[in-house]
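Okay, structure first, notes after.
The values are calculated or read from the model by the stated rules, or taken from the named source; none is laboratory data. Nothing here was measured: the structure is a model prediction, and the numbers come from that model. Please note: Cβ atoms are built from the backbone with ideal geometry, for glycine as well, and neighbour counts cover all protein chains shown.
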Amino acid sequence: MKYDIMLANAMVLTPAGDILEGQNIAIKGNRSEKVTPDTLQPGSAEKQIDCRGKLVMPGMIDGHTHTSQQLLRGKLADEYPMIWTRFLVPFESTLTEEDVYYSALLYCIQAIRAGITGFAESGGRHMNMTANAVIQTGMRAAIARSMMDSGNSITKSMLEASDEAIEHNDELYDRFNGAGDGRVQVYYGMRQVMTCTPGFIEKIAQHAEERGTGIHAHLCEHRNEVSFCLEKYQMRPAAFLDTCGLLGPRLVTAHNVALSEHDITTLVDRKVKMIHCPYANLINHGFPKTPRILEAGGYVGLGSDGAAYNSVDLFEEMRTLRAALISASGLPVFDPEVMPVRTMLKMATQGGAAALGMEDSLGRIEEGCIADLITIDIMKPHIFPTNNYTTAIVDTVTAQDVCDSIIDGKLVMEDRMLKTVDEQAVMEECSRRMAEINRRL
Ligand SMILES: [Zn+2]
């Protein structure tokens, strides 16, 4: 059989977090057909990449992001946490279709260069344009429409009647679910409990169920949300969403910081896919209870929360969460293993794959699994030599060390050159648009 791509002589990260040396990965279609130490015939693949000096690992998955907030970069530094009403709403509501398209292209470029091969978009306006950017760049994504049907005078500009909102998400689903050879999935978006009525949330759950697709929501990002729910429904957010029928394996919840013990049990029981956004959480609302959630058997992935006030870089997010949790909950009880390196890597790969509903076939390098993988140049003084490459990925590798990216069996970046999009042109266009948006605001 003639393979499409062969990664030869590679050091490979296994799903358990071990490193195998001298491996050959043969890709056919969108799958890794062979992962073997046996030498495969020269010329048995259309394209051969010599991976000596490189480490191959699964592409990371950004489990919660806002691709349309790229052009808000640099505006939110040193701001009081409640940026949502003062910055995000006016900004998001002024974006045109073309703004959203270029913003999503810039996100995809940044993400691919950082070793991210898939993401879950929690939603904004004009998500058809985000889907187009994903199709074009070769990325993988689950895209939702951000929906809300209630709120105050500030969020008014973004509210929709519930039926109309759902209808638009249905249209997005009909048009784009399965597009880009199956790389695009369309989820339903429930922005958060403070901006969606119970009847609306029930409808969202029902439409996702009928179509067998996912739902993306913000959950327990901050304490205000909990007190809002307690006051209005006499229940905490997780219990309230359960009464609306939203909790289940289809649901991806972002942040999950202000969780009680009972909330954790409920979310784990319902097999909800939880995502932390470490940097965004730590500078705004505090420490997630990650070790507790993992111990309870929950799915946990990592997200960037978009580029508005941090980078799209899961290497950084792994380091941030690990340092924060060891410092906060490990050191006081002499438990430096509270967030092991292997756990961090699983969160960034398999945890994110679960958020895309693909935990069985994505986020791992194994025969038969989908070929979304990256190579890392290890011949750099901050990496080589090392006694432990698994540790190095979490502790010292940076986004700039990512060399090649293969998504769905296609080479989308080779030697840090993107093959699907003109990076320079997108940056220039985004710069022009950022200035224009600032004028409009
Ligand atoms: Zn978010």
Among the candidates ILE383, ILE374, ILE378, ILE393, which residue alone is out of contact with any helix residue (DSSP H, G or I) (no Cβ under 8 Å at 6 or more places or on another chain), of a type in the set (Val, Ile, Thr) and either more than 18 Å from PRO15 (Cα to Cα) or not assigned by TED's automatic domain parsing to the domain that holds ALA114 (or both)? ILE374
Within the bounds of the range 176-188, is there any residue that is modelled with pLDDT of 95 or more, hydroxyl-bearing (Ser, Thr, Tyr) and closer than 16 Å to ASP149 by Cβ? yes
For the range 1-18, pairs from a residue that is among the aromatic types (Phe, Trp, Tyr) to a residue that is assigned to a strand (DSSP E or B), with Cβ under 7 Å and 6 or more apart or across chains, are TYR3/ALA26; TYR3/ILE27; TYR3/LYS28; TYR3/GLU33; TYR3/ALA45
If you check TYR101, TYR80, TYR107, which single one turns out to be more than 16 Å from the ligand (Cβ to nearest atom), at pLDDT 95 or above and among the aromatic types (Phe, Trp, Tyr)? TYR101
Among the residues in the range 199-216, are any within 13 Å of the ligand (Cβ to nearest atom) and hydrophobic (A, V, I, L, M, F, W, C)? no
Condition (residue is modelled with pLDDT of 95 or more and either touching a strand residue (DSSP E or B) at 6+ places or on another chain (Cβ under 9 Å) or under 15 Å from LEU251 (Cβ atoms) (or both)) applied to the range 144-158: is it met by at least one residue? yes
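Conditions tested, residue by residue: (1) within 16 Å of the ligand (Cβ to nearest atom); (2) surrounded by fewer than 24 Cβ atoms within 10 Å (Cβ to Cβ); (3) outside any loop (DSSP other than H, G, I, E, B).
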residue: PHE287; (1), (2), (3): no, yes, no
residue: SER304; (1), (2), (3): yes, no, no
residue: GLU316; (1), (2), (3): no, yes, yes
residue: GLY330; (1), (2), (3): no, yes, yes
residue: ALA353; (1), (2), (3): no, no, yes
With the condition kept exactly as written, say whether any residue in the range 223-234 is crowded, with 24+ Cβ neighbours inside 10 Å and in contact with a helix residue (DSSP H, G or I) (Cβ under 8 Å, 6 or more places away or on another chain). no
Of these, GLU359, GLU367, which one is acidic (Asp, Glu), under 14 Å from the mean Cα position of the chain (by Cα) and under 23 Å from GLY138 (Cα atoms)? GLU359
(1) within 15 Å of the ligand (Cβ to nearest atom); (2) at pLDDT 95 or above all hold for HIS222 apart from (2)
Can you work out which of the residues in the range 303-345 that are hydrophobic (A, V, I, L, M, F, W, C) and in contact with a strand residue (DSSP E or B) (Cβ under 9 Å, 6 or more places away or on another chain) is farthest from THR396 (Cα to Cα)? ALA307
Enumerate the helices (runs of 4 or more DSSP H) found wholly within the range 84-156, keeping only those where 2 or more residues are closer than 30 Å to PRO198 by Cβ. 89-94, 127-137
State whether the residues of the range 259-281 include one that is within 13 Å of the ligand (Cβ to nearest atom) and farther than 17 Å from MET318 by Cβ. no
Does at least one position in the range 235-257 carry a residue that is within 16 Å of the ligand (Cβ to nearest atom), closer than 22 Å to VAL268 by Cβ and assigned to a loop (DSSP other than H, G, I, E, B)? yes
Could you please tell me which pairs satisfy a Cβ distance under 6 Å, a separation of 6+ or placement on different chains, a first residue in the range 102-117 that is farther than 20 Å from ASN128 by Cα, and a second residue that is charged (D, E, K, R)? ALA114/ASP313; ILE116/ASP62
So, in the range 332-351, how many residues would count as being crowded, with 17+ Cβ neighbours inside 10 Å, of a type outside the set (Lys, Arg) and either under 14 Å from the mean Cα position of the chain (by Cα) or assigned to a helix (DSSP H, G or I) (or both)? 10
For the range 1-21, give me the residue count where each residue is surrounded by 15 or more Cβ atoms within 10 Å (Cβ to Cβ), not aliphatic (A, V, I, L, M) and not in a loop (DSSP other than H, G, I, E, B). 3
